[in-house]
């Protein structure tokens, strides 16, 4: 067996105008940890800068019954590029001093693995790298996640990391580690399907009552604002048996009570995928509450599916209608039509869900949207008895809407990713003014 190595995995802070624990967990990092546990003899340690349950936090944070809750935050200076945005900018997560304490207590690592989701969250990576360098010097640092997959050159140039991993990491991480450590430490197993992946290393998390679940990766659709196809070359679904088995483990071994689906297309191929998963959950009587923060495809919801969702224990339903504007549907959202939502709500209500508890995502900030169209969509959701939720558009390089924004001169191709922030558009380039944006929010939350 090769020499034993110490690997430190870190989930960085969020630097942003706002952040909330919407069932957020570093799932990709936990999958990588599971692969390292299975295929190496590395010693793994983990620091979660977004740990709301850390026992040394200066105050106890409220957690809702469904598992959501606020992060601890500290206001910090706004980056210069955001200076004209009239909002406070904060670091979300554990205090800096507590992170330094965690580093002091850590075994000196041979390699540090980081993750980062939003492109405009890279300051959190920079801050972590700065502290790691102060403590451990030139230890190799590898960064994976959405941000380096979308903006690899920026990630390498601006964060201080040594290596990045683009896209799914299961068939790249071992060769990258061998390259960084230079000693052939790792074998290089090939993971051909999602079913061959070990379950994520949930044991690394401090609080396990609310956990993530991924049953598929990618999406075959091409919404103009979505980067799913950039992050995964193909759409792949796990077998229903594998998913149900993982749910049994989460329920019985970790005593989880809330499960959040991380899929982008959970309901596609429903007869072979989600329906047998739900039937398995019901048959095994798993006492779990399910949540769908990524949104469900509205046109896939019929009465059979609605009834299974209810019987299986789905509590927080978020539906992805996006808009009722026919032009935008045609150009941006091929997954919906203007009459899908009414039908879906009828089926869900008949199955036992209350309309006022069903959330409907509506996009705001798309390049061709104006405030009147968004407001009309909000009112249409309200008239159907459901809760409208604004899904703020974030321009992502490589998507159709990004190309539109750049071609019109709203943003430059190599703009600072901080300007990708979902709350920047009213102040920098969007068709909706800040006053109109505030008015929209009051429409939803009078």
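The values are calculated or read from the model by the stated rules, or taken from the named source; none is laboratory data. Computed from a predicted model, the values in this text were never measured in an experiment. Don't worry about glycine lacking a Cβ; one is built from the backbone with ideal geometry, like all the others, and counts go over all protein chains shown.
Data overview
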| item | result |
| --- | --- |
| 1 or more residues more than 23 Å from the chain's Cα centre (by Cα) and under 30 Å from residue 83 (Cα atoms): qualifying helices (runs of 4 or more DSSP H) within the stretch 327-440 | 371-383, 400-407, 425-428 |
| Among residues of the stretch 97-141, those that are more than 30 Å from residue 231 (Cα to Cα) and without any contact (Cβ under 8 Å) to a residue 24 or more places away in the chain, counted | 4 |
| Residue selected from the stretch 406-425 under the condition touching a helix residue (DSSP H, G or I) at 6+ places or on another chain (Cβ under 7 Å) and touching a residue at least 60 places away in the same chain (Cβ under 8 Å), by the criterion farthest from residue 394 (Cα to Cα) | 416 |
| Residues satisfying the stated conditions in the stretch 262-290, i.e. assigned to a loop (DSSP other than H, G, I, E, B) and either under 24 Å from the mean Cα position of the chain (by Cα) or surrounded by 19 or more Cβ atoms within 10 Å (Cβ to Cβ) (or both) | 262, 263, 264, 265, 266, 267, 268, 269, 270, 273, 286, 288 |
| Residue 107 being assigned to a helix (DSSP H, G or I) and assigned by TED's automatic domain parsing to the domain that holds residue 30 | no |
| Odd one out for residue 100 among (1) surrounded by 15 or more Cβ atoms within 10 Å (Cβ to Cβ); (2) out of contact with any strand residue (DSSP E or B) (no Cβ under 7 Å at 6 or more places or on another chain); (3) farther than 23 Å from residue 40 by Cα | (1) |
| Per-region count, the stretch 354-372, residues surrounded by 21 or more Cβ atoms within 10 Å (Cβ to Cβ) and more than 29 Å from residue 315 (Cα to Cα) | 3 |
| Answer residue from the stretch 325-342, given it is under 17 Å from residue 387 (Cα atoms) and in contact (Cβ under 8 Å) with a residue 40 or more places away in the chain and is surrounded by the fewest Cβ atoms within 10 Å (Cβ to Cβ) among those | 342 |
| All strands (runs of 3 or more DSSP E) inside the stretch 1-84 with 1 or more residues being buried (at least 21 other Cβ atoms within 10 Å of the Cβ) and touching a helix residue (DSSP H, G or I) at 6+ places or on another chain (Cβ under 7 Å) | 6-11, 14-16, 43-48 |
| Positions within the stretch 252-261 being surrounded by fewer than 19 Cβ atoms within 10 Å (Cβ to Cβ) and in contact with a helix residue (DSSP H, G or I) (Cβ under 9 Å, 6 or more places away or on another chain), in sequence order | 253, 254, 257 |
| Condition check for residue 208: surrounded by fewer than 19 Cβ atoms within 10 Å (Cβ to Cβ) and at positive phi | no |
| Pairs with Cβ under 6 Å, 6+ apart, first in the stretch 80-95 and over 21 Å from residue 51 (Cβ atoms), second crowded, with 20+ Cβ neighbours inside 10 Å | 81/418; 82/418 |
| Failed condition for residue 349, given (1) more than 25 Å from residue 218 (Cα to Cα); (2) out of contact with any helix residue (DSSP H, G or I) (no Cβ under 8 Å at 6 or more places or on another chain) | (2) |
